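> Just passing along the structure, written as structure tokens.
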Amino acid sequence: TAIKLLVLPGDGIGPEIMREVRHVIDWLESRRGLSFDITEDVVGGASLAEYGVPIRDEVIEKAWAADAVLFGSVGDPKWAHVGFEKRPEVAILKLRQELGLFANLRPAKVFDALIDASTLKPDVVRGLDIMIVRETVGGIYFGNPRGIETLPDGSKRGINTEVYTTAEIERVARVAFDLARKRSNRVCSVEKCNVMESGLLWKEVVTDVHAKEFPDVELSHMLADNCAMQMVRNPRQFDVIVTGNLFGDLLSDLASMLTGSLGMLPSATLGAVRENGKFPALYEPIHGSAPDIAGQGIANPIAQILSFAMLLRYSLNKQEEANMIEQAVSNVLESGLRTADIMSEGMARVGTSVMGEAIVRE
Ligand code: NAI
Ligand code: MG
């Protein structure tokens, strides 16, 4: 039966780079015998222009019905001055919320050909391949009480609370251990149990899940501040890192810069496994809609193409096809083709479609 995909290109460079993924999909259909049933729809500014809302309920329903969602990016300066409810970015927030996408997977992988683009010494990052699993719907961004209070003396205090329950920690820990089994079989759990009760519980629960369900995976624990330091000092010591919402936000941005370019990095966000064994999942590049270069045909399509490779790997268990795509990207970079964002001396500068075509051919 056909694989049901919901494709949401969004705004800015979204549609330009999604076109290149469609070529990859066409290739998989004609040369690998896969069959996709694709629905495309508008989100973000594109949806605001057509329907007056950043995302329609109908699109959320289509997302539930699909095997996976491939998302571009949303955001358009044209809609920067409207109220929050009418901002294009609400589309992605709402999708994450409505689909219960609690685990954000951000790989940081260094391609040898791009080693010079990294902000660190080549020796430190060569061969780097780590995966950060960040809890995304709980923690300090959502815990209660929260708000800004006015005190009797007229001054104010701002309040956020970090809350994590056993169930919230267990489910994200399982995602991390599962992933580790498909990689180098190591998980490092990151919190600050030295000063935080929620961190103490985090460590306890992860240790428990490990002992009961994943004793074959190697588990270590690290304090978040030390982890930030270790990630710059010797990032290759890590395989999978699992952490809460706040620390994951910081550490995943840090990790992305170990690799050098925003235009290269994919991500996945996964929800809870349902009775039929399927789980809602959304795949997108970590970069935004890049309005500064939109419409010029120069955006790097690789993050979007690698997001699709993650979709094949994690939602469809098509390991071979995912490997082929990642290898093709690597080979094309080795051959010297570069979009402007990853350009360096002596390389051949190309636009979005030439890069996409080269990857398909490879
Ligand atoms: P951005 O990631 O769109 O762009 C930052 C810089 O990186 C820009 O100079 C851009 O040209 C460059 N860049 C990004 N992706 C690239 C690619 N594939 N190839 C070549 N260069 C690339 O971040 P920015 O400028 O902060 O945000 C622009 C809009 O995107 C905003 O409206 C923001 O809210 C939205 N956004 C949406 C996200 C999403 O849909 N999940 C995530 C991040 C931002
Ligand atoms: Mg961030």
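> When 283, 141 are ordered from fewest to most other Cβ atoms inside 10 Å of their Cβ, what list results?
141, 283
> Shifting gears a bit: Can you flag which of 62/86; 94/156; 203/318; 62/203; 78/278 are past 28 Å Cα-Cα?
Exceeds cut-off: 94/156; 203/318; 62/203; 78/278.
> What is the projected area of the convex hull of the Cα atoms of segment 119-259, averaged over all directions, in nm²?
Directional mean of the projected Cα hull area for segment 119-259 stands at 9.8 nm².
> Classify segment 200-243: rounded, prolate or oblate, from the alpha-carbon gyration tensor (a ≥ b ≥ c, eigenvalue square roots; a/c under 1.5 rounded; otherwise prolate if a/b is larger than b/c)?
Oblate, because a/c is 1.5 or more while a/b does not exceed b/c.
> Excluding residues on the same chain fewer than 8 positions from residue 121, give the lysines whose Cα lies under 18 Å from its Cα.
Reachable lysines: 109.
> Sticking with this structure for a sec: Pull up all non-local amide H partners of residue 221: gap of 5 or more, or a different chain, and H-to-H distance under 5 Å with H placed in the peptide plane.
Sorted by chain and number, the residues that satisfy this are 189.
> Of all beta bridges DSSP finds with both residues in segment 119-259, what is the antiparallel percent, to the nearest 5?
Here the antiparallel bridges make up roughly 20 percent for segment 119-259.
> Along the three principal axes, how long is segment 101-178 when you take its alpha carbons, biggest first, rounded to the nearest angstrom?
Ordered largest first, segment 101-178 gives principal extents of 60, 32, 17 Å.
> How would you rank 222, 264, 343, going from fewest to most other Cβ atoms within 10 Å of each one's own Cβ?
Lowest to highest Cβ neighbour count: 343, 222, 264.
> Could you tell me how many cubic angstrom of Cα convex hull volume the chain has per residue?
In the chain, the Cα hull volume divided by residue count equals 160 Å³.
> Which whole-Hz ³J(HN,Hα) couplings does segment 253-270 yield from phi under the Karplus relation 6.51 cos²θ - 1.76 cosθ + 1.60, θ = phi - 60°, glycine and proline marked x?
5, 4, 4, 5, 7, 5, 8, x, 10, 4, x, 9, 9, x, 7, 9, 10, 10
> Then there is this: Starting from the amide H of residue 40, placed 1.01 Å from N in the peptide plane, find each other amide H under 5 Å away whose residue is 5 or more places distant or on another chain.
Residues meeting the criterion, in which the H sits 1.01 Å from N, are 7.
Any read-out appearing in this document is the output of simple, stated calculations on the displayed coordinates, not a laboratory observation. Quantities reported herein were computed from a predicted structural model and do not represent experimental measurements. Ideal geometry is used to build each Cβ from the backbone, glycine not excepted, and the neighbour counts take in all protein chains shown.
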